[in-house]
Amino acid sequence: MESPPLFVRLLSFLMLTTLCHAIAFTQSFNSSIQRCHDDESLALLQFKNSFNISSSCSYSKLESWKLNQGVRSGECCSWDGVECDEKTNHVVSLELNESCIYGSNNSNNTLFRLVHLQRLNLGSNDFIHSQIPSEIGQLSRLTHLDLSFSSFSGEIPVEISNLSSLVSLDLSRNLDFISYDGLLKLRKTSFRGLVQNMTNLKELDLEYVDISSTVPKVLANLSSLESLHLCGCELHGEFPASIENQLTGPIPPQINNLTSLSSLYLSSNKLQGSIPINFSRLNQLEFLDLHSNTLAGSLDLSSFFQLNQLTELILSFNSLSMHSTMATNGYLPYLRALGLAS
């Protein structure tokens with residue numbers, strides 16, 4: 001039997017080589033695709049199915065949460081708002097803010113099965129006055145938790161204090177939009193009980209959380225704190241009197257020890273006394289809001305001119321007598337908002 005012509009043998013060889021390269025490329029491509037764990041994919045789908053999408057929503061991140069035809073699970077690393085660890089393929093981040101999620105949150109929420117989560121952002125959704133489930137304390141690896149502006153209500157669960165790795169905690173602006181009262185409360189769980197284990201906190205925002213207590217001394221332990229928002233918390237009394245690198249006294253001169261502080265929001269409380277006049281060390285401060293307290297005394301506005309990063313200075317609705325020993329033009333080059341009305 002005669003052998004095939006040379007060009008036929010060459011053609012067959014080239015086709016076989018091309019096929020082998022295609023198979024190898026396909027295997028390499030498939031191995032590079034992140035595939036989340038089946039149980040985590042299922043937990044995310046169950047979470048999606050337990051809520052509605054607001055009818056006024058133009059797009060929700062959850063709309064991308066679906067399985068391709070014939071695929072049972074393992075695709076969630078490519079879903080919108082979901083991030084997986086590159087080595088382990090565990091879900092480590094959920095950025096679901098402004099996702100038009102509507103419905104009641106409860107202890108059966110399957111997100112609490114995602115124990116490898118490091119970041120959870122559910123801000124700007126509508127959980128229709130449901131409580132924050134205590135099971136959130138199971139997410140012990142969280143470094144960032146944002147439940148702001150999402151209509152959560154009731155007592156903040158003490159289990160949040162288990163989240164000792166938190167760097168950023170935002171429970172702010174959960175409001176009743178008829179009365180504009182805060183819906184979240186911190187009564188049974190004290191402020192101290194909430195943050196005493198969070199020694200790594202850099203950002204703490206509890207705006208309009210009903211605390212209604214004296215200023216907590218535990219602020220002394222938050223040595224990494226860079227941003228503190230306590231507007232509308234009904235705090236009263238003096239700041240802690242003995243703090244090494246944090247707030248001391250009723251807004252004392254030692255506040256200058258907070259050299260990393262970029263924003264300080266303490267408005268709508270019951271703070272008393274004078275405002276310290278020497279802010280020379282707070283050269284990172286960009287936002288200072290102390291409006292609607294009972295601060296009093298004479299205040300030289302020139303003391304703020306050394307804060308050359310300041311963009312917002314709000315001191316209105318206090319009983320301050322303000323004057324300046326210097327011309328004001330050119331000393332606060334980035335200032336965009338100024339409130340001084342009594």
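Key figures for this structure:
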{"read-out": "Asp80 - accessible surface, heavy atoms, 1.4 Å probe, Å² rounded to 10", "value": "60 Å²"}
{"read-out": "Where only C-alpha atoms are counted, convex hull volume of the stretch 105-220 per residue in Å³", "value": "88 Å³"}
{"read-out": "Virtual paramagnetic centre 7 Å along Cα→Cβ of Thr189, amide N under 14 Å, in the stretch 210-229", "value": "210-211"}
{"read-out": "Tyr102 - accessible surface, heavy atoms, 1.4 Å probe, Å² rounded to 10", "value": "100 Å²"}
{"read-out": "Order of exposure, largest accessible area first, which applies to Asp289, Asp38, Asp210 with probe 1.4 Å", "value": "Asp38, Asp210, Asp289"}
{"read-out": "Per-residue HN-Hα couplings for the stretch 159-166 [Karplus 6.51, -1.76, 1.60; θ = phi - 60°; Hz; x = Gly/Pro]", "value": "4, 4, 5, 6, 7, 6, 8, 4"}
{"read-out": "Per residue value of the accessible surface for the stretch 69-142 (all protein chains in place, 1.4 Å probe), Å²", "value": "47 Å²"}
{"read-out": "D (Stokes-Einstein, µm²/s), Kirkwood Cα radius, the stretch 30-159, 0.890 mPa s at 25 °C", "value": "163 µm²/s"}
{"read-out": "For the stretch 115-236: relative contact order, % (alpha-carbon pairs under 8 angstrom, 6 or more apart)", "value": "21 percent"}
{"read-out": "Placed amide H near Leu299: partners under 5 Å, 5+ positions off or other chain", "value": "Ser321, Met322, His323"}
{"read-out": "Cross-link partners of Lys270 among aspartates and glutamates (Cα-Cα below 16 Å; sequence separation of 8 or more within a chain)", "value": "Glu207, Asp210, Glu234, Glu238, Asp289"}
{"read-out": "Simple spin-label estimate for Ala341 and Thr294 in nanometres, 7 Å along Cα-Cβ", "value": "2.3 nm"}
{"read-out": "Distance-filtered residues of the stretch 151-194 - backbone nitrogen under 17 Å, label point 7 angstrom along Ser56 Cα→Cβ", "value": "151-152, 174-180"}
{"read-out": "In Hz, Karplus ³J(HN,Hα) per residue of the stretch 184-195 (6.51, -1.76, 1.60; θ = phi - 60°; x = Gly, Pro)", "value": "8, 10, 10, 10, 5, 8, 6, 4, 4, x, 6, 10"}
{"read-out": "Apportionment of accessible area to carbon and sulfur, the stretch 45-203, percent (1.4 Å)", "value": "43 percent"}
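The values are calculated or read from the model by the stated rules, or taken from the named source; none is laboratory data. Keep in mind that this is a model prediction, so the values were computed, not measured. No Cβ is skipped: glycine too gets one built from the backbone with ideal geometry, and neighbour counts run over all protein chains shown. With ligands, DNA and RNA removed, areas are computed over all heavy atoms of the protein, side chains included. Shrake-Rupley method; radii C 1.70, N 1.55, O 1.52, S 1.80 Å.
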